[in-house]
Amino acid sequence: EGNHFLVSARKYRPTTWETVVGQQSITDTLRHSIESGQIAQAYLCCGPRGVGKTTCARIFANAINGFTTEQAERSFNVFELDAASNNGVEHIRSIIDQVRIPPQDGRYKVYVIDEVHMLSTAASNALLKTLEEPPGHVVFILATTDPQKVPVTVLSHCLQFNLKRLLPDQIAAQLDKILGEEQLQSEPAALQLLAQAADGTITVGRNLDYP
């Protein structure tokens with residue numbers, strides 16, 4: 001078999017709470033809610049692209065099911081929908097049809113809907129009906145870069161977390177760590193320049209895929 005190239009954004013995506021960069025207050029809160037058994041049935045993660053919204057959602061989904069990363073890859077407990085390109089009511093109705101079925105393994109089925117503010121009005125209304133009375137085995141994690149466009153009726157059913165932009169020093173440190181693991185050399189000034197250009201997000205890591 002040939003070697004498959006894996007882009008850095010996937011290779012170095014955090015898989016544990018400890019490896020999430022710059023969002024400790026939120027990861028601590030989520031971790032403590034799991035430890036105390038206080039699991040909400042709907043969460044809303046807000047913040048710009050590249051700060052860890054879907055990453056936190058995936059880690060949370062694995063944690064509430066007690067899955068390792070390998071177990072999570074084999075399970076069908078986490079479903080992701082990008083509302084930016086799948087915003088019709090038919091996409092939400094397909095989710096509604098699935099939520100009635102309990103998970104085959106683990107305790108929860110987790111539905112992650114990214115850019116939820118881009119759902120059509122009909123789709124938002126359909127989602128709202130499910131959020132009002134979700135089955136006990138289902139957790140919704142909604143993510144958005146524009147929470148002001150999320151209907152208030154949907155917001156009212158979610159526990160909201162606001163993820164902040166990363167500091168340049170945090171980004172530079174993460175880049176330095178990745179470069180070290182890739183056995184690549186760098187200059188501190190260059191990393192600081194990249195960190196400033198990243199504008200508070202970690203998506204600058206994509207630059208490492210190029211020679």
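Tabulated values for the structure
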read-out: The one condition in (1) closer than 30 Å to Gln41 by Cα; (2) under 21 Å from the mean Cα position of the chain (by Cα); (3) among the polar types (S, T, N, Q) that Asn125 fails to fulfil; value: (2)
read-out: Which listed residue, of His137, His157, is within 21 Å of the chain's Cα centre (by Cα) and more than 23 Å from Gly66 (Cα to Cα); value: His157
read-out: Residues within segment 79-96 that are assigned to a helix (DSSP H, G or I) and open to solvent by less than 70 Å² (accessible area, probe 1.4 Å), tallied; value: 6
read-out: Among the residues listed as Gln104, Gln71, the single one being open to solvent by 40 Å² or more (accessible area, probe 1.4 Å), polar (S, T, N, Q) and outside any loop (DSSP other than H, G, I, E, B); value: Gln71
read-out: Yes/no for Phe76 being out of contact with any Cys (no Cβ under 8 Å at 6 or more places or on another chain), crowded, with 19+ Cβ neighbours inside 10 Å and aromatic (Phe, Trp, Tyr); value: no
read-out: The one condition in (1) assigned to a helix (DSSP H, G or I); (2) modelled with pLDDT of 90 or more that Phe161 fails to fulfil; value: (1)
read-out: Considering residues of segment 58-68 that are open to solvent by 50 Å² or more (accessible area, probe 1.4 Å) and more than 12 Å from the chain's Cα centre (by Cα) only, the residue nearest to Pro14 (Cα to Cα); value: Thr68
read-out: Subset tally (residues that are closer than 24 Å to Ile26 by Cβ and either assigned to a helix (DSSP H, G or I) or of a type in the set (A, V, I, L, M, F, W, C) (or both)) for segment 112-152; value: 19
read-out: Those residues of segment 131-170 which are open to solvent by 20 Å² or more (accessible area, probe 1.4 Å) and among the hydroxyl-bearing types (Ser, Thr, Tyr), in sequence order; value: Thr145, Thr153, Ser156
read-out: Test: Ile178 is over 20 Å from the mean Cα position of the chain (by Cα), at pLDDT below 90 and not in a loop (DSSP other than H, G, I, E, B); value: yes
read-out: Yes/no for Ile59 being within 30 Å of Asp199 (Cα to Cα), out of contact with any strand residue (DSSP E or B) (no Cβ under 8 Å at 6 or more places or on another chain) and hydrophobic (A, V, I, L, M, F, W, C); value: yes
read-out: Flag if Lys109 is of a type in the set (D, E, K, R) and either open to solvent by less than 60 Å² (accessible area, probe 1.4 Å) or touching a Pro at 6+ places or on another chain (Cβ under 8 Å) (or both); value: yes
read-out: Failed condition for Gln170, given (1) farther than 27 Å from Glu70 by Cα; (2) part of a helix (DSSP H, G or I); (3) without any contact (Cβ under 8 Å) to a residue 60 or more places away in the chain; value: (3)
read-out: Among (1) modelled with pLDDT of 85 or more; (2) of a type outside the set (Asp, Glu); (3) out of contact with any His (no Cβ under 6 Å at 6 or more places or on another chain) - the single one Thr203 does not satisfy; value: (1)
read-out: Residue in segment 49-60 that is free of Cβ contacts under 8 Å to residues at least 12 places away in the same chain and at negative phi present; value: no
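Yes/no matrix, rows are residues, columns are (1) within 22 Å of Asp82 (Cβ to Cβ); (2) at pLDDT below 95:
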| residue | (1), (2) |
| --- | --- |
| Gly37 | no, yes |
| Cys46 | yes, no |
| Gly50 | yes, yes |
| Cys56 | yes, yes |
| Glu70 | no, yes |
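The values are calculated or read from the model by the stated rules, or taken from the named source; none is laboratory data. What you see is a predicted model; the values in this text were computed from it and never measured. Note that each Cβ is placed from the backbone with ideal geometry, even for glycine, and that neighbours are counted across all protein chains shown. The accessibility values were calculated without ligands, DNA or RNA, using every heavy atom of the protein model including side chains. Shrake-Rupley method; radii C 1.70, N 1.55, O 1.52, S 1.80 Å.
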